[in-house]
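For reference, the structure is listed below as structure tokens.
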Amino acid sequence: MDTLKIMQTAIRGRWAVAAIFLANGFLTGAWAPQIPVVLTRLDISKFTLGLLILLFGAGAVTAMTWCGHLISRHGSRTVLRWFGLIGSFGLLVVALAPNVPLAAIAMFIFGGSIGGMDVAMNANAVVVERRLSRAIMSSSHGFWSLGGFAGGALGGFAIQSYGHLAHAMVVTALAFAVIAVAVRYLIEEDKAQVTNHHKFALPGNPLVYLVGLMALLTMISEGAVLDWAALYLQQELGTDLAIAGLAYAAFSGVMAVMRFAGDGVRNRFGAVTTLRVSALVAAAGMLVAGLAPSPWLAISAFAFCGFGIANMVPILFSAGGNQEGMSSGTGMSVVTTMGYSGILVAPSAIGFVAEHSSFGPIFVALSGLLVVVFLMAGLAHRAEFAPDPAPAE
């Protein structure tokens with residue numbers, strides 16, 4: 001009976017952390033259609049907008065740096081509660097900012113809450129995996145993409161119909177409600193896991209850094225679609241805000257579907273083969289998006305890119321966590337930190353370049369980075385040694 005109760009608690013925890021992933025993705029996706037509004041509302045240049053996005057990344061990296069220490073002291077459940085409930089108000093704080101200095105502070109806070117929430121929810125998902133003795137990480141990221149799809153798809157229409165502030169208020173209310181319910185059912189680490197501290201040391205195996213580089217190149221592309229696709233469609237392809245918001249929605253929606261199917265695809269074809277094909281598909285989609293003469297072709301191309309990128313990151317994270325000669329946590333921390341720096345910080349550099357160029361050539365160049373991942377795919381062979389997931393209950 002005790003075993004049954006433990007399993008039931010773990011299953012509730014599995015769906016609770018899935019709900020947190022969904023809410024985090026929803027907040028992130030809802031931010032995408034707000035970006036062109038920030039540009040016009042504050043009457044700033046792309047360069048200044050790039051600086052604001054850089055502050056978002058700086059806040060996220062700062063929180064992620066401290067989050068590991070907080071989790072080691074208090075556990076992922078407690079830390080996820082803090083960051084989740086605070087993070088639900090992040091978009092609203094940005095939408096309320098009346099000028100650039102306050103917007104800069106708001107962006108740092110928003111980025112910090114999303115970044116801390118991201119680390120804590122991934123850490124809690126690992127705890128759930130151990131309790132259930134099967135993998136849930138890929139589908140958890142599928143819920144994140146599903147949330148991003150909903151946030152991006154509804155955001156443009158909501159802003160155009162009701163205004164950016166009403167949109168931010170509704171997003172905040174929905175995210176807070178989901179998170180407030182979900183945190184009650186999150187499961188907790190054993191006390192031994194929480195209080196076990198290790199001295200920080202960089203791994204000596206260079207392979208883990210190459211895997212981290214592949215994660216970085218992959219997530220730069222993902223971050224570019226999140227932060228700049230809507231503006232690209234609006235300013236360079238001449239569409240309205242409602243249609244422009246569909247770029248990230250299509251990208252994220254297709255990515256969600258593929259992530260839910262990712263474990264089966266990888267088990268059938270192997271991690272390296274799946275990564276190679278995925279990288280080529282993503283590169284082709286990004287290339288067509290950068291060369292597209294019409295917004296609908298660009299939206300379709302971004303969706304095709306999402307089809308490829310979907311399972312690249314889970315495979316690379318798995319490869320990082322299965323490196324020889326180091327703990328799974330050490331390898332995972334290197335790959336995730338390098339990867340997330342791509343999605344959080346690198347897009348700001350794109351804004352700087354776009355100020356003197358245009359977004360089309362930038363997306364073409366990003367397709368080249370994905371080709372590099374294709375060429376390096378063999379280095380992810382350690383993902384083949386990840387444990388097979390147990391059958392679903």
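The values are calculated or read from the model by the stated rules, or taken from the named source; none is laboratory data. Remember, it's a predicted structure, so these values are computed and weren't measured experimentally. Positions of Cβ are backbone-derived with ideal geometry, glycine not excepted, and every protein chain shown enters the neighbour counts. Heavy atoms of the whole protein, side chains included, go into the accessibility calculation; ligands, DNA and RNA do not. Shrake-Rupley method; radii C 1.70, N 1.55, O 1.52, S 1.80 Å.
Structure notes:
- Screening Leu246, Leu217, Leu233, Leu207 for residues that are surrounded by fewer than 21 Cβ atoms within 10 Å (Cβ to Cβ), in contact (Cβ under 8 Å) with a residue 24 or more places away in the chain and aliphatic (A, V, I, L, M) leaves exactly one candidate, Leu207.
- Filter result (over 17 Å from the mean Cα position of the chain (by Cα) and modelled with pLDDT under 80) within segment 126-147: Val127, Glu129, Arg130, Leu132, Ser133, Arg134, Ala135
Matching residues to (1) out of contact with any Cys (no Cβ under 9 Å at 6 or more places or on another chain); (2) free of Cβ contacts under 8 Å to residues at least 60 places away in the same chain; (3) under 25 Å from Gly156 (Cα atoms); (4) not charged (D, E, K, R):
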| site | (1), (2), (3), (4) |
| --- | --- |
| Ala10 | yes, no, no, yes |
| Phe21 | yes, no, yes, yes |
| Ala30 | yes, no, yes, yes |
| Pro36 | yes, no, yes, yes |
| Ala63 | yes, yes, no, yes |
| Leu85 | yes, no, yes, yes |
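- Contacts under 9 angstrom Cβ, first residue in segment 110-132 being within 25 Å of Ile35 (Cα to Cα), partner of a type in the set (Gly, Ala, Ser) and open to solvent by 20 Å² or more (accessible area, probe 1.4 Å), 6 or more apart: Gly111/Ala58; Gly112/Ala58; Val119/Gly68
- Against the numbered list (1) open to solvent by less than 40 Å² (accessible area, probe 1.4 Å); (2) under 17 Å from the mean Cα position of the chain (by Cα); (3) under 24 Å from Val335 (Cα atoms), Leu22 comes up short only at (1).
- Ala303 satisfies every condition listed in (1) at pLDDT 85 or above; (2) over 14 Å from Trp228 (Cβ atoms); (3) in a helix (DSSP H, G or I); (4) open to solvent by 40 Å² or more (accessible area, probe 1.4 Å) except (4).
- Meets criteria (open to solvent by 10 Å² or more (accessible area, probe 1.4 Å) and closer than 19 Å to Phe149 by Cβ) for Thr28: yes
- Here the helices (runs of 4 or more DSSP H) wholly within segment 1-92 that include at least 2 residues being modelled with pLDDT of 80 or more and in contact with a Phe, Trp or Tyr (Cβ under 6 Å, 6 or more places away or on another chain) are 2-31, 46-74.
- Subset of segment 289-300 [over 12 Å from Val254 (Cα atoms), buried (at least 19 other Cβ atoms within 10 Å of the Cβ) and of a type in the set (A, V, I, L, M)]: Ala289, Ala292, Ala298
- Gly342 meets the conditions (1) under 12 Å from Thr218 (Cα atoms); (2) crowded, with 23+ Cβ neighbours inside 10 Å; (3) touching a Phe, Trp or Tyr at 6+ places or on another chain (Cβ under 9 Å); (4) not aliphatic (A, V, I, L, M) in every case but one. The failed one is (3).
- Residue match in segment 315-325 (condition: assigned to a helix (DSSP H, G or I) and at pLDDT 90 or above): no
- If the condition is being in contact with a Phe, Trp or Tyr (Cβ under 9 Å, 6 or more places away or on another chain), at pLDDT below 90 and open to solvent by less than 40 Å² (accessible area, probe 1.4 Å), then segment 148-192 contributes Gly148, Ala150, Gly151, Gly152, Ala153, Gly155.
- Extreme residue, surrounded by the fewest Cβ atoms within 10 Å (Cβ to Cβ), among residues of segment 73-106 that are over 16 Å from Gln34 (Cα atoms) and among the hydroxyl-bearing types (Ser, Thr, Tyr): Thr78
- Looking only at residues of segment 261-273 that are open to solvent by 10 Å² or more (accessible area, probe 1.4 Å) and touching a residue at least 24 places away in the same chain (Cβ under 8 Å), we find that the one that is farthest from Val364 (Cα to Cα) is Asn267.
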